[in-house]
Amino acid sequence: MLHESLRMRIVNFHALAEKILSEIEELTGSPAKPETVVVAIKRFSDKLGTKTAEAVDVLKDSKLSLLGSVTDITILGKSGSTMKIVEDVLKLSQKFSVTPSLFQLPHSVKVLADEDDAEPIKNELSRNYSIHVREKTAMISVRLSPSAEKIPGIAAVITELLYRNGISLLDVFYGYEDLLLLVEQRFGPRVYEILSKEITT
């Protein structure tokens, strides 16, 4: 809340400085002047506004897509075994109508698959691995422009925008030019609508 208030410049810098003065002195081990803290808060607040404006501008060049019936599968493995899990998922590729999204993590592999394509993954891989399945989710893909790589804060802008509209994200996967958002299935069309409005205005 404070971060958002600073970005919107609706915080009384002097009141905030007084509130955090003792904490700053404890962290630094030396006395702090309220005026110095006010200047630091103002500088921080100014940077937040600039970063957000750049992120919103880059977002306007994005392309959106919505996949409304997604199954989120987490396949658990030990450190170093996740490559084998990826290989086992790819062996099922002939059974997929839509290529699933795979994310290799240190101790697991996350697979976001169409509802129908999730069945062979669940059936085959549950024989050899512990899996966790979350059904009835929607995936919104945000295809960013190449210039997005140099602009920080894009994921934060989107997360904040959705949070203000009462939508919590289940997962976010962020690459150089792609941002995948996973939400409850019932929120999929609403997220698409919110982001479309942000992109086109």
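The values are calculated or read from the model by the stated rules, or taken from the named source; none is laboratory data. Worth saying up front: this structure is predicted, and the values here are computed from it rather than measured. Don't worry about glycine lacking a Cβ; one is built from the backbone with ideal geometry, like all the others, and counts go over all protein chains shown. When the accessible area is computed, the model is the full protein with side chains, heavy atoms only, and any ligands, DNA or RNA have been set aside. Shrake-Rupley method; radii C 1.70, N 1.55, O 1.52, S 1.80 Å.
Matching residues to (1) at pLDDT below 90; (2) open to solvent by less than 60 Å² (accessible area, probe 1.4 Å); (3) within 30 Å of the chain's Cα centre (by Cα); (4) closer than 21 Å to Leu195 by Cβ:
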| site | (1), (2), (3), (4) |
| --- | --- |
| Glu4 | yes, yes, yes, yes |
| Ser45 | yes, yes, yes, no |
| Thr74 | no, yes, yes, no |
| Leu92 | no, yes, yes, no |
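For Ile167, the criteria (1) touching a helix residue (DSSP H, G or I) at 6+ places or on another chain (Cβ under 8 Å); (2) assigned to a loop (DSSP other than H, G, I, E, B); (3) farther than 26 Å from Ile194 by Cα hold in every case but one, which is (3). Just so you know, in the stretch 166-191 the residues that are closer than 13 Å to Arg143 by Cα and open to solvent by 70 Å² or more (accessible area, probe 1.4 Å) include one that is modelled with the highest pLDDT, and it is Tyr174. Being open to solvent by less than 60 Å² (accessible area, probe 1.4 Å), modelled with pLDDT of 90 or more and under 18 Å from the mean Cα position of the chain (by Cα) holds for only one residue in Val111, Val86, Val58, and it is Val111.
Restricting the search to the stretch 114-133, which residues are in contact (Cβ under 8 Å) with a residue 24 or more places away in the chain and surrounded by fewer than 13 Cβ atoms within 10 Å (Cβ to Cβ)? Correct list: Asn128, Ser130, His132.
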